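Values quoted throughout were computed directly from the atomic coordinates according to the rules given, and no laboratory measurement underlies them. Please read all numbers here as calculations on a predicted model, not as lab measurements. Neighbour counts run over all protein chains shown; Cβ positions are idealised from the backbone, glycine included.
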Amino acid sequence: MQAVMASDASKLRLRVTPNTLPCQNDDRVNDNANVSMGYDETTIHKTILVGDSGVGKTSLLVQFDQGKFQAGSFSATVGIGFTNKVVDVEGTKVKLQIWDTAGQERFRSITRAYYRDANALLLLYDVSNKASFDNIRAWLGEINEYAQEDVVIMLLGNKADMTSERVIRTEDGERLANEYNVAFMETSAKTGMNVDLAFMAVAKDLKMKKTRKPTDPKFSVTDYVNQEKQSVGCCSS
Ligand SMILES: Nc1nc2c(ncn2[C@@H]2O[C@H](COP(=O)(O)OP(=O)(O)OP(=O)(O)O)[C@@H](O)[C@H]2O)c(=O)[nH]1
Ligand SMILES: [Mg+2]
């Protein structure tokens with residue numbers, strides 16, 4: 001994904017017309033084709049990546065979108081931009097419009113403006129950077145203030161591959177997530193560990209929110225990620 005200047009964000013938003021989305025032409029032939037088990041597959045879920053500068057938001061999105069990691073010099077995102085992705089949740093297409101925000105303080109007011117209509121937020125810290133973890137409480141405060149009440153929130157401790165530089169233990173992340181009642185896992189944009197799972201879990205939760213009947217058992221995204229996630233040193237990815 002290309003980083004874009006803040007002033008271009010509104011132009012980019014205009015490009016999100018139905019014609020730019022996969023499957024649209026076929027869907028027009030038959031309205032029912034858009035509906036899978038009561039879920040409207042044309043629904044676009046706005047998902048935002050937030051967290052301090054340098055925690056790996058852009059890298060996580062690039063890994064999810066293109067399956068690659070660009071090591072080397074860090075180039076901070078300027079402004080905000082998005083990538084459309086379709087996630088297959090048990091045969092249903094869930095469309096995520098993933099916004100990559102700039103973590104630098106000077107872009108904070110722009111980022112805030114995007115919280116309001118977000119359906120999901122992936123909040124990242126860097127396990128090798130204590131300040132980025134300490135700032136999570138402030139981020140959650142912001143989210144609480146500006147985002148919708150039913151927004152899906154996932155806390156991600158990124159750079160889990162950096163074992164010797166790690167300063168935040170897995171259990172510290174877990175404890176914080178429990179305190180705020182949000183789902184949590186550690187990820188690595190470098191190795192790809194849990195990257196697909198993070199977006200899959202968000203897509204699954206968003207889909208469940210739209211289709212769950214009052215009599216259905218409640219879907220717990222926390223239980224789902226605890227069941228599916230990999231731990232550092234667990235598996236090759
Ligand atoms: N080892 C390792 N390095 C990572 C990982 N994720 C990101 N990095 C590196 O960390 C630096 C910052 O990553 P970015 O993805 O640009 O960070 P960002 O959160 O988008 O930063 P801003 O755009 O300023 O908000 C880059 O040098 C990346 O290569 C990871 O999982 N593991
Ligand atoms: Mg970035």
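Among the listed pairs Lys85/Lys130; Lys159/Lys209; Lys95/Lys218; Lys159/Lys213; Lys68/Lys218, those whose Cα-Cα separation exceeds 27 Å are Lys85/Lys130; Lys159/Lys209; Lys159/Lys213; Lys68/Lys218. Comparing Cα centroids, the stretch 148-191 and the stretch 89-142 end up 12 angstrom apart. Phi-derived couplings, Karplus 6.51 cos²θ - 1.76 cosθ + 1.60 at θ = phi - 60°, listed residue by residue for the stretch 116-129: 3, 9, 6, 8, 8, 10, 9, 9, 10, 10, 10, 5, 9, 9 Hz, with x used for Gly and Pro.
By the count of neighbouring beta-carbon atoms within 10 Å, fewest first, Trp139, Trp99 end up ordered Trp139, Trp99. When each of the peptides 46-59, 213-226, 122-135 is scored by how many other beta carbons lie within 10 Å of its residues on average, the order from highest to lowest is 46-59, 122-135, 213-226.
Looking at the stretch 35-229, what % of its DSSP beta bridges pair antiparallel, to the nearest 5? Within the stretch 35-229, antiparallel bridges account for around 35 percent of the total. Count the DSSP beta bridges whose two residues both fall in the stretch 33-122, then state the antiparallel fraction as a percent rounded to the nearest 5. That works out to approximately 55 percent antiparallel. Under a 5 Å amide H cut-off, with hydrogens placed 1.01 Å from N, Gln230 pairs with Asn194 among residues at least 5 apart or on other chains. For the stretch 157-237, GluC sites (Glu not before Pro) are listed when DSSP marks them as loop and at most 16 other Cβ atoms sit within 10 Å of their Cβ; the list is Glu165.
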